[in-house]
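Engineer: Quick one: structure below, then a few questions.
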Amino acid sequence: MIETQKLKKTYKQGSLKVKAVDNVNLKISDGEFTAVVGPSGSGKTTLLNCVGGLDIPTSGKVIIDDEVISSYSSDKMIKFRLNNIGFVFQAYNLIPVLTAKENIEMVMLMQGYNKQEMDERSIDLLNEVGMENMSKRRPAELSGGQQQRVAVARALASKPKFILADEPTANLDSKSTAKLLDIMSRLNKQENITFLFSTHDQRVIDRARRVVTLEDGKIIKDIKK
Amino acid sequence: MILKIAWRNIWRNNKRTLISTLSISGALFLVILMRSMQLGFYDNIINTIVQSYSGYVQVHADGYWEKQSVNNSMEVDEQLLNEINSINGIENIAKRLTTFSLVSKGEKSKGSIITGIEVKKEQLMSDWEKKIIEGSSSFDNSNEIILSKGIAEYFDVKMGDTLVLFGQGYQGMMAAGKFVANGIADLNNPKLNEMTIFMDIKSAQEYISSENISTHLIIDKKEYYDEKKIAEDIRNVVSNDYEVMTWKEILPELDQMITADNVGGLIMAFILYVIVCFGMFGTVLMMTEERMYEFGVLLSIGMGKVKLYLIILLETIMLSSIGVIIGILTTRPISIYFNKNPINMDDFGEGLGEAMGEFGFDPIIPFSTNWDIPLSHALFIFCISILISIYPAIRILYLNPVKAMKE
């Protein structure tokens, strides 16, 4: 379970203090498929970054499975992210010099998998996201939708407890978006992987089973469908 | 995988990689050839003057160097030779007896250095037979001499010609005798070629009327041993009746000339390395700064900072390795060619060779093919690349993934 307690994140912008996340209390249970929505600058990405340990909260706590991760050291946090959290970014962020399969294997390599395990699991994951025929292609040889599917496979490679996806469909056409959401939805149901999205995309909001709305860093609505 | 990532990363921008590696290999090309030429030149001088004539270390009777006379000679017995031979790093020891005499043939006469030698020992030490350009390399009779090339030309000597030697003997005795030319030697040193006459050491002793004396013990060292240390060790085993000198003490001008010239070469190499250093730093700077976003992503997905730094370090090392390999491969055949076919200074203008001869050097520059030269410079380039990678290391150490991805 992911929990935030009185989570605050303040940035300095010149002489101004900007409250990106303001006193957010949120609980996300295992297996949820949640979208965090809100206008630009509402604090969606900052909230996801704090939950994923990429950003350090100004105050408050981030608790995952009873562990207060917001107090972890940088090195401990990197290890925690590697073994527990999968990230999907808006700009896909695959390593350009590696093939689709190698991008997935790299995460497993960091976890200490052996070659055979890496090989088998990366093929399985590529199958899972429908990219088995493009395993040897580099990111530049894939469309945006295909890259994002590989990014999802990479996020799954470490067998994470949950996946944080920051505007995953923002750069995709409707067909690719639908395909990606199908894959994510299936993984959520079949593998019980928790998904937490930040999004503007109505298509994602429609598929989410819970929608948390942020405005000026505060939760103003939390609807479970 | 880390290796694969690093290798592919350096080829992301082919042009930049090529320019960087070519700048490294270009600088290394110049440095290696310049140092091969310099060190080859020094080796040649040391080989012709030190190894084949003065030896790396000399032992004399105390005071001989101050006043070089047969009256300051020494008796060399087996015990002394055994004591010196017991020292680590000594390859050979040869006795010599040197005196000054007037040589004449027909109407002509000339001052010369008479050197009594042990042919077998000289052969081991300086490949004596190779120096003989005419006649015999040994002395079958006690009245036979071998003349250096310059003297032979001066007197227009043919084998079997008789020359008269006249000089000072041991402790006031007169030294005089008729000697037969039995060979001509080229000492590869214009000055020595002008004034040296060799005879068997026994004949020389007989000539100056004193048995069993020598003026020099010439000591050849094994490769890579330090002559200074050997001289120190000899001083520790022999009594104060002897003086021990290294070739640098015997020929200080030569040592100073080599040192001064060498410093010039090193300054030149330093300037080239500064250029290489900036070139490499520029590349690494770009490779780091343009990938901050990617580094942020890698940290986000769980790559440790040490691994991330390792990738950059490997990229820098690979980049420099390519440059180093190209630099070594292109210079090697050139060094070998000019080692076998030394540059002759006479080819660069009339009088250049002669000018060098004035200083006692053979007017040729053979390149050194010693692997120490390319390898030491390759190592230096590696050290530079490791030093340069400190910059990305610092950037990665303080990298915040969120900020990096915003950048």
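Engineer: Within the stretch B:384-405, which residues are within 10 Å of chain A (Cβ to nearest Cβ) and basic (Lys, Arg)?
Structural biologist: B:Lys403
Engineer: Out of all the residues in the stretch A:162-177, which are within 13 Å of A:Arg149 (Cα to Cα), surrounded by 15 or more Cβ atoms within 10 Å (Cβ to Cβ) and not polar (S, T, N, Q)?
Structural biologist: Those that are within 13 Å of A:Arg149 (Cα to Cα), surrounded by 15 or more Cβ atoms within 10 Å (Cβ to Cβ) and not polar (S, T, N, Q): A:Ala165, A:Pro168, A:Leu172.
Engineer: Further question on the same structure: Considering every residue within the stretch A:139-156, establish whether at least one is surrounded by 21 or more Cβ atoms within 10 Å (Cβ to Cβ), of a type in the set (Gly, Ala, Ser), more than 13 Å from every other protein chain (Cβ to nearest Cβ) and closer than 28 Å to A:Thr199 by Cβ.
Structural biologist: No, the stretch A:139-156 has no match at all.
Engineer: Failed condition for A:Lys79, given (1) in a helix (DSSP H, G or I); (2) more than 23 Å from B:Trp11 (Cα to Cα); (3) in contact (Cβ under 8 Å) with a residue 12 or more places away in the chain, with all others met?
Structural biologist: Every listed condition holds for A:Lys79 apart from (3).
Engineer: Now for a separate question. Consider B:Leu124 carefully, then state whether it is crowded, with 20+ Cβ neighbours inside 10 Å and under 26 Å from B:Tyr64 (Cβ atoms).
Structural biologist: no
Engineer: Where residues in the stretch B:10-32 are within 14 Å of chain A (Cβ to nearest Cβ) and in a helix (DSSP H, G or I), which of them is nearest to B:Val276 (Cα to Cα)?
Structural biologist: Only one residue fits best here, namely B:Thr17.
Engineer: How many residues, within the stretch B:243-264, are of a type outside the set (Asp, Glu) and assigned to a strand (DSSP E or B)?
Structural biologist: Here the count works out to 3.
Engineer: Provide a single number: the residues in the stretch A:60-87 that are facing chain B (nearest Cβ under 10 Å) and either over 20 Å from A:Lys159 (Cβ atoms) or out of contact with any strand residue (DSSP E or B) (no Cβ under 9 Å at 6 or more places or on another chain) (or both).
Structural biologist: Selection size over the stretch A:60-87: 7.
Engineer: Those residues that are modelled with pLDDT under 90, surrounded by fewer than 19 Cβ atoms within 10 Å (Cβ to Cβ) and closer than 25 Å to B:Asn85 by Cβ, I need them from the stretch B:171-221; list them, please.
Structural biologist: Answer for the stretch B:171-221, where residues must be modelled with pLDDT under 90, surrounded by fewer than 19 Cβ atoms within 10 Å (Cβ to Cβ) and closer than 25 Å to B:Asn85 by Cβ: B:Glu211, B:Asn212.
Engineer: Could you pull out the residue among B:Leu319, B:Leu308 that is in the same structural domain as B:Met286 (by TED's automatic domain parsing), within 28 Å of A:Met77 (Cα to Cα), modelled with pLDDT of 85 or more and surrounded by 19 or more Cβ atoms within 10 Å (Cβ to Cβ)?
Structural biologist: Only one candidate qualifies: B:Leu308.
Engineer: Residues that are aromatic (Phe, Trp, Tyr) and closer than 14 Å to B:Val70 by Cα, at least 1 per element: which helices (runs of 4 or more DSSP H) completely within the stretch B:110-217 meet that?
Structural biologist: Fully inside the stretch B:110-217 and qualifying: B:201-207.
Engineer: Any idea which of A:Lys6, A:Lys44 is of a type in the set (Lys, Arg) and under 15 Å from the mean Cα position of the chain (by Cα)?
Structural biologist: Every option except A:Lys44 fails the conditions.
Engineer: Moving on to the next point. Can you tell me which of (1) surrounded by fewer than 16 Cβ atoms within 10 Å (Cβ to Cβ); (2) within 15 Å of the chain's Cα centre (by Cα); (3) within 18 Å of B:Phe295 (Cα to Cα) is the one A:Asn93 doesn't meet?
Structural biologist: With (1) surrounded by fewer than 16 Cβ atoms within 10 Å (Cβ to Cβ); (2) within 15 Å of the chain's Cα centre (by Cα); (3) within 18 Å of B:Phe295 (Cα to Cα) applied to A:Asn93, the lone miss is (1).
Engineer: Hand me the list of helices (runs of 4 or more DSSP H) wholly inside the stretch B:270-364 holding 1 or more residues that are touching a residue at least 12 places away in the same chain (Cβ under 8 Å) and of a type in the set (Asp, Glu).
Structural biologist: B:305-340, B:352-358
The values are calculated or read from the model by the stated rules, or taken from the named source; none is laboratory data. Because the structure is predicted, anything quoted here is derived from the model rather than measured. Cβ: placed from backbone, ideal geometry, glycine included. Neighbour counts: every protein chain shown.
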